[in-house]
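Below is one structure, written out as structure tokens; comments come after it.
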Amino acid sequence: MDLCLSGKRVVVTGSSHGIGLGIAKAFHSEGCRVVSNGRDLATLTSSIGLKDDWSGIEGDVTDPEQANQLIQKAIEILGGIDIVVCNVGSGRSVRPGSECFDHWQESLSINFLSATNVIEAAVPELKKTQGAIVCMSSICGVEVVPKAPVTYSVAKAALNAYIRGISVPLGSNGVRINGVAPGNILFEGSVWEEKIKQDGLSVEAMLENNVPLKRLGSLSDISNLVLWLSSPKASFVTGSIYITDGGQTHT
């Protein structure tokens with residue numbers, strides 16, 4: 001299926017490695033012009049390589065000023081923005097029951113405000129282009145996942161609520177916003193790669209007992225959905241959270 005994405009101007013935050021890099025690569029392979037973002041320019045440059053239609057902009061989007069600078073620089077480079085993917089996030093935090101103010105503040109900043117900062121900066125441009133936004137959430141924001149940090153789960157639940165709520169005013173301006181909530185995704189450098197190395201049998205048992213499709217997800221499982229949600233093929237879809245976990249969650 002031709003997703004009609006060729007020539008689209010795309011910004012992907014948190015895309016120097018992992019899921020974000022996989023998403024950026026997928027857009028580039030569809031003929032899009034891409035701006036990747038990360039906190040370290042050297043890592044970004046190494047990940048992207050030398051490509052005229054794919055640039056890297058350094059910046060920490062948990063800071064609203066840096067998020068605004070990212071969007072303004074991307075507009076200068078691309079001549080406008082059609083699609084924004086908010087991928088910054090981290091599930092690393094303290095074990096459930098050990099939270100304090102600093103842990104809440106850190107997790108909300110990384111997993112929630114990193115998206116709202118970028119979206120608020122990008123909306124004026126997206127209104128002009130009738131653009132699309134995709135936010136990367138997590139199944140932890142949908143239901144309780146045993147042993148998952150509560151700070152992370154709450155931040156992603158807040159992101160899901162934001163996506164649903166902000167879709168109304170954005171929709172009145174022709175801008176769509178949706179979320180993707182991945183489950184257990186395997187890629188180079190992921191926590192699941194490490195777990196397989198440490199105890200592959202336990203991972204197999206977890207998949208057998210908890211995941212109906214009995215496998216870990218791949219980068220393409222995520223990026224293919226993000227591409228579709230960003231494309232004109234999903235032009236009547238907004239305010240939704242798409243769970244991509246092989247059937248693990250029950251909600």
Could you tell me which of the pairs 25/197; 156/195; 51/197; 127/147; 73/197 are separated by over 32 angstrom between their Cα atoms in the structure shown?
51/197; 127/147; 73/197
11, 211 arranged by Cβ crowding within 10 Å, fewest neighbours leading:
211, 11
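What does DSSP give for the chain in terms of the percent of beta bridges that are antiparallel, rounded to the nearest 5? Could the numbers behind the result be given before it?
Values: 0 of 26 bridges.
Roughly 0 percent of the DSSP beta bridges within the chain come out antiparallel.
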Place a label point 7 angstrom from the Cα of residue 213 along the Cα-to-Cβ direction, then list the residues of region 130-165 whose backbone nitrogen is under 18 Å away.
136-143
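Between residue 220 and residue 40, 0.36 nm times their residue separation minus their Cα-Cα distance comes to what?
Values: separation 180, 0.36 × 180 = 64.80 nm, distance 2.46 nm.
That works out to 62.3 nm of additional length.
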Order these by the 10 Å Cβ neighbour count, fewest first: 1, 136.
1, 136
Efficiency by 1/(1 + (r/R0)^6): what FRET value for residue 128 and residue 161, r their Cβ-Cβ distance, R0 = 22 Å, to the nearest 0.05?
0.25
Computed FRET value (nearest 0.05) for residue 77 with residue 172, which takes r as the C-beta separation and R₀ as 25 Å
0.30
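Read-outs: derived from the displayed coordinates by stated rules, not from any lab. Since the model is a prediction, treat every value here as computed from it, not as a measurement. Every residue, glycine among them, receives a Cβ derived from its backbone with ideal geometry; neighbour counts consider all protein chains shown.
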